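Values quoted throughout were computed directly from the atomic coordinates according to the rules given, and no laboratory measurement underlies them. Every value quoted in this text rests on a predicted model; they were computed, and no experiment measured them. All Cβ positions, even for glycine, are placed from backbone atoms using ideal geometry, and neighbour counts span all protein chains on display.
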Amino acid sequence: MQKHVALALALLALVGCQQPGAREERDIALPPPAPAPWTARFTEPAVLVATRVSIEGPDDLVEHIAASQGEGIHYSAETTPRGFVERYRVSGGEYLRLQLDAWEIVTTEGATVLRRPDLDGPVRVVAVGEVYWTATDGDAEERAPERTWTGERGR
């Protein structure tokens, strides 16, 4: 009988140590802060042609990019410590077309797209091999063996 009384008192003591509602308050997570506005760097219409292109940006890059599909375009994806990597390889005389906001990007060999898990990092486009870039309004044009463009969030 004394064991039952001691057990009941111990249970009451444990229950009494918790404040009502304390656990629920700790379990409520605050929403993450909103990321800075998306970069305006790629919002002016332009065309980029290169042998290979690498595009890297924060996780919401997925909302700003699209890629063509076809028989000569081979797609693979994997999750890595750096983020989600999509690889496009071109064969059979095909071209890969990507759209990054208002930029149309064409590659002859393929592209890599890395979506990092961060929310506020820059967006970077690296083009390699016979790079040609032009604003579609004809105001600017560039040619180079390699070229990098970076867009910062909020700018």
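Identify, please: which residue in the stretch 47-66 is without any contact (Cβ under 8 Å) to a residue 60 or more places away in the chain and part of a helix (DSSP H, G or I) and is, among those, farthest from LEU100 (Cα to Cα)? Going through the qualifying residues, I end up with ASP60. A single entry from GLY72, GLY121, GLY110, GLY93 fulfils the requirement of being free of Cβ contacts under 8 Å to residues at least 24 places away in the same chain, surrounded by 12 or more Cβ atoms within 10 Å (Cβ to Cβ) and not charged (D, E, K, R): GLY72. Looking for something among the basic types (Lys, Arg), in a strand (DSSP E or B) and farther than 23 Å from PRO32 by Cα - is there at least one such residue anywhere in the stretch 98-121? No, there is no match, as no residue in the stretch 98-121 is among the basic types (Lys, Arg), in a strand (DSSP E or B) and farther than 23 Å from PRO32 by Cα.
Which residues, counting only those in the stretch 124-139, are surrounded by fewer than 17 Cβ atoms within 10 Å (Cβ to Cβ), over 13 Å from the mean Cα position of the chain (by Cα) and touching a residue at least 40 places away in the same chain (Cβ under 8 Å)? Within the stretch 124-139, GLY129, GLU130, TYR132, THR134, ALA135, THR136, ASP137 meet the criteria.
Return the residues of the stretch 34-50 that are of a type in the set (Phe, Trp, Tyr) and within 23 Å of ALA144 (Cβ to Cβ); say none if nothing qualifies. Walk me through it before giving the result.
Keep residues of the stretch 34-50 that are of a type in the set (Phe, Trp, Tyr), which gives 38, 42.
Listed by number, the list holds a single entry, PHE42.
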